[in-house]
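Throughout, read-outs are computed from the coordinates displayed, never taken from laboratory work. Predicted, not measured: the structure shown is a model, and the values here were computed from it. Reconstructed Cβ throughout: ideal geometry from the backbone, glycine too, with neighbour counts over all protein chains shown.
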Amino acid sequence: MKSVALTIVLLTLSNVFMTFAWYAHLKTLNHKPWIAAALISWGIALFEYLLQVPANRIGYTVLSLGQLKILQEVITLSVFVPFAVYYMREPLKLDYLWAGLCVFGAVFFIFRSQLTQG
């Protein structure tokens, strides 16, 4: 369980960097040449990878590859929605709830064998 918790923490931090690398330039660097945004995003993404690679290595010791990927998607949506609403000032949409329910379904199916063993 400790490995799963550490994986979740590292992936969450990694996703914060990833989300800023992928999307923050749309707000903060939209008047700069795209190459400047790309270089800055690569710099931010370095920190994402420094967290994501160990997270996946740790997680893979106790989770299957599919479970690790679905966990990543849950974390991505959990980080993205607050980022979109609070940082990018996008309106909170009901579509985020529907997307979350779809991801919840994916979580159920990818972890269901472990749920029924318990």
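What helices does the chain have that are whole DSSP H segments, at least 30 Å long along their own axis by Cα, and with mean Kyte-Doolittle hydropathy of -1.0 or more?
Membrane-span-like by this rule: 34-59, 94-117.
The ranking of SER14, SER113 by Cβ neighbour count inside 10 Å, starting from the fewest, reads SER113, SER14. With 10 Å bins beginning at zero, the pair-distance distribution over Cα atoms of the chain amounts to 13, 36, 33, 15, 3, 0 %.
Using r as the Cβ-Cβ distance of ASP95 and LEU46, and R0 as 22 Å, what FRET efficiency do you calculate, to the nearest 0.05?
0.10
If I take every Cα pair under 8 Å that is 6 or more residues apart in the chain, average their sequence separation and divide by the length, what percent do I get for the relative contact order? Over the chain, the number comes to 33 percent. By other beta-carbon atoms within 10 Å, ranking HIS25, HIS31 with the fewest at the front produces HIS31, HIS25. Name the most mobile residue of SER41, SER64, SER78, meaning the one with the largest mean-square fluctuation, in a Gaussian network model of the chain with Cα contacts below 10 Å. Evaluated over the chain, the most mobile residue of the options is SER64.
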